[in-house]
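The values are calculated or read from the model by the stated rules, or taken from the named source; none is laboratory data. No experiment lies behind these values; they were computed from the predicted model shown. Cβ coordinates were reconstructed from backbone atoms using ideal geometry, including for glycine residues, and neighbour counts include every protein chain displayed.
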Amino acid sequence: MSQVIAIVNQKGGVGKTTTTVNLASFIASKGKKVLLIDVDPQGNATSGLGFEKNKVELSTYDVLINEVPMRDAVLETGRKRLSICPANINLAGAEVELVGTVSRETCLKRAIDPIRSEYDFVLLDCPPSLGLLTVNALTAADSLIVPIQGEYYALEGVTQLMETISIVKRTMNQKLSVFGVVVTMFDARTQLSHQVAAEVKKYFGDKVFRTIIPRNVRLSEAPSFGKSIVEYDPKSKGAETYDALAREVIKRAGGYGL
């Protein structure tokens, strides 16, 4: 069974896109077929995999607004088993344009359903908001991964996110669940990071992944070269931890044997 997982946190700067891109890359490197759908108008996942986002012919915008089949918008990334449905700033207009659409919250789900069986994992990179694009992703997803940074105010806004998830689950997607929570930007030298990690564990319990993503310069540099960390610096601490996280995700999804 394929897994459709939204990577979501309405708080910006928590390592959401970094997590999506590197998780997708490492899962694909382990023999799983992955589709990354960029649902963020900033298009950072798209540029992070080396695409010029303003030059793509078809994007998530066309899928949602012009009803272009998802298959037609998907691009091969040049990496084995990893494809992407790209995004650019056009997607910002989709929030407004979707308002008058019938069943506007399920547009993305309807686009994914015909092709989901072709992939082992479909990862949705959500925008840093709880608007209609994020609601579409939550409605389309089986579950979600929440990145939470190891910094002050880390859990601020999480309550609001959980309330939104609860509403979507109650009204549009009964099967939606939290697949996992990952602590990102962790600085082992500071007491604060350790306190935040403990708080996250207390709040989410066994949903928290064992793997913690550290602050790592190489992780920050990789997107500017249009590369995931596995290509940019496979021996870095950032690469090691996302490799471990990918193994956890596959195992938790039922793909044992790694």
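Within the set V68, V96, the sole residue that is loosely packed, with under 14 Cβ neighbours inside 10 Å and either touching a helix residue (DSSP H, G or I) at 6+ places or on another chain (Cβ under 6 Å) or over 15 Å from D125 (Cβ atoms) (or both) turns out to be V96.
Here's the yes/no breakdown for (1) of a type outside the set (S, T, N, Q); (2) in contact (Cβ under 8 Å) with a residue 12 or more places away in the chain; (3) in contact with a His (Cβ under 9 Å, 6 or more places away or on another chain); (4) not in a loop (DSSP other than H, G, I, E, B):
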| position | (1), (2), (3), (4) |
| --- | --- |
| V4 | yes, yes, no, yes |
| N9 | no, yes, no, no |
| I27 | yes, yes, no, yes |
| A45 | yes, yes, no, yes |
| V96 | yes, no, no, yes |
| E105 | yes, yes, no, yes |
| K109 | yes, yes, no, yes |
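Of the numbered criteria (1) crowded, with 18+ Cβ neighbours inside 10 Å; (2) assigned to a helix (DSSP H, G or I), the one V146 fails is (2). Here segment 211-236 is the region considered, the condition is being farther than 15 Å from G150 by Cβ and basic (K, R), and the residue that is surrounded by the most Cβ atoms within 10 Å (Cβ to Cβ) is K227. Screening P128 against (1) in contact with a Phe, Trp or Tyr (Cβ under 8 Å, 6 or more places away or on another chain); (2) surrounded by fewer than 21 Cβ atoms within 10 Å (Cβ to Cβ) leaves a single unmet condition, (1). Residues in segment 244-257 that are at pLDDT 95 or above and surrounded by 19 or more Cβ atoms within 10 Å (Cβ to Cβ) were compared, and the one that is farthest from the chain's Cα centre (by Cα) is I250.
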